[in-house]
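Below is one structure; the comments refer to it alone.
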Amino acid sequence: MLLHIRQVLTRDELRSARAILDRAAWADGRVTAGAQSALAKKNEQLDQEGEAAKALRPIVMQGLNRNADFFSAALPKRVFPPLFNRYGGAANAFGNHVDNAVRFLPGTVGERVRTDISCTLFLAEPDEYDGGELVIEDTFGPQRVKLPAGDMVLYPGTSVHRVDPVTRGHRVASFFWVESMVRSDEQRRLLYEMDRHLMHLRGTVGEADPGVIGLTGTYHNLLRAWADM
Ligand code: NI
């Protein structure tokens with residue numbers, strides 16, 4: 001499932017994040033790439049352990065933690081600490097690749113995150129740069145994604161994807177992965193759709209409607225059956 005989540009960050013959070021990003025020191029993005037994707041990767045990243053990344057991460061996590069749509073769609077078990085990248089100038093693209101299935105959590109003794117869901121949170125406005133679309137190969141064909149600053153896209157970690165060359169300005173984003181309580185993309189999609197329909201029904205027929213109560217039970221029973229904790 002490919003999902004656009006709007007306004008994950010507020011205007012104030014975005015301003016704070018940009019103030020940090022605009023004075024941060026950027027390094028070669030190949031430090032977090034596997035051998036194969038390093039060949040395709042031409043961008044810049046913030047040092048994961050640097051002051052800028054440390055100051056930015058809580059801003060992103062705060063946005064995620066209050067976002068009901070993110071929770072409903074991702075059903076997160078673990079979120080990889082958000083990383084930050086920049087495309088522009090000579091480091092302006094990332095060719096087709098698949099993200100590594102498993103990533104080690106920095107600062108732990110071998111704890112791992114299975115990358116069920118890939119996330120990109122856009123931190124530059126679309127009119128600040130040309131190109132730089134995130135292109136995700138999907139069963140419906142390639143999906144080209146370029147979102148307003150503060151908005152985020154979720155897509156299956158299994159997808160082949162790329163970032164097209166930035167030909168003017170800089171594209172700044174946060175990217176990270178989610179290990180979901182529900183491993184199957186298909187099951188997560190069913191739960192997400194059911195949750196949305198239930199929210200609609202609560203608004204129209206009310207919380208106390210026997211059908212709403214029954215379907216809420218079915219939602220939770222499916223989650224109980226499919227979730228692995
Ligand atoms: Ni990737």
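Karplus-based coupling profile of segment 82-96, in residue order and whole Hz: x, 10, 9, 9, 9, 10, x, x, 7, 9, 10, 7, 9, x, 3, with θ = phi - 60° in 6.51 cos²θ - 1.76 cosθ + 1.60 and x standing for Gly or Pro.
Tell me, how many Å apart are the Cα centres for segment 70-122 and for segment 131-198? Cα centres, segment 70-122 to segment 131-198: 11 Å.
What shape does the chain take by its C-alpha gyration tensor, where a ≥ b ≥ c are the square roots of the eigenvalues and a/c under 1.5 counts as rounded, a/b above b/c as prolate, and the rest as oblate? The partial results should precede the final answer.
Details: a/c = 1.84, a/b = 1.68, b/c = 1.09.
Here the chain falls in the prolate category.
Gain on full extension, evaluated as 0.36 nm per residue between residue 62 and residue 111 minus their Cα-Cα distance, stands at 15.4 nm. Per-residue extension of 0.36 nm, minus the Cα-Cα distance of residue 229 and residue 55, leaves a gain of 59.7 nm for this segment.
Each residue, residue 219 and residue 183, gets one label point 7 Å from its Cα in the Cβ direction; the gap between the two is 2.5 nm. Our coupling estimate for segment 117-134, obtained by passing each phi through the Karplus curve with A = 6.51, B = -1.76, C = 1.60 and θ = phi - 60°, is 10, 9, 10, 10, 9, 6, 10, 10, 6, x, 7, 7, 8, 9, x, x, 5, 7 Hz, Gly and Pro reported as x. Using a/c under 1.5 as the rounded threshold, could you call segment 185-226 rounded, prolate or oblate? The axes a ≥ b ≥ c are square roots of the C-alpha gyration tensor eigenvalues, and prolate needs a/b larger than b/c, oblate otherwise. It is oblate, given that a/c is not under 1.5 and a/b is not larger than b/c.
Rounded to the nearest 0.05, what FRET efficiency do residue 140 and residue 27 give with R0 = 30 Å and r taken as the Cβ-Cβ distance? Could you check?
On the way: r = 36 Å, r/R0 = 1.20.
Efficiency computed from Cβ-Cβ geometry: 0.25.
With axes computed from alpha carbons, what is the tilt in degrees of helix 11-22 against the longest principal axis of the chain, rounded to the nearest 10 within 0 to 90? With rounding to tens, the tilt is 30 degrees.
In segment 130-229, which chymotrypsin sites (Phe, Trp or Tyr not before Pro) are in a loop and have at most 14 other Cβ atoms within 10 Å, using DSSP for the loop call?
Details: sites: 140, 175, 176, 177, 192, 219, 226; in loops: 140.
Filter output for segment 130-229: 140.
Do any GluC sites (Glu not before Pro) in segment 77-145 lie in a DSSP loop with no more than 14 other beta carbon atoms within 10 Å, and if so, which? Could the numbers behind the result be given before it?
On the way: sites: 111, 128, 133, 137; in loops: 111, 133.
Answer in residue order: 111.
Fully extending the segment from residue 15 to residue 125, taken as 0.36 nm per residue of separation minus the present Cα-Cα distance, adds 38.4 nm. For segment 65-81, 3J(HN,Hα) computed residue by residue from phi via the Karplus equation (6.51, -1.76, 1.60; θ = phi - 60°) reads 5, 9, 9, 5, 5, 4, 4, 5, 7, 9, 6, x, 9, 9, 10, 5, x Hz, glycine and proline entered as x. Bridgeable lysines around residue 41 (alpha carbons under 22 Å apart, same-chain partners fewer than 8 residues away excluded): 146. With the cut-off at 1.5 for a/c, could you classify segment 41-172 from its C-alpha gyration tensor as rounded, prolate or oblate? Here segment 41-172 falls in the rounded category.
Here, each number is a calculation from the coordinates, and none is a lab measurement. These figures come from a predicted structure and were not determined experimentally. With ideal geometry, Cβ positions are generated from the backbone for all residues, glycine too; neighbour counts draw on all protein chains shown.
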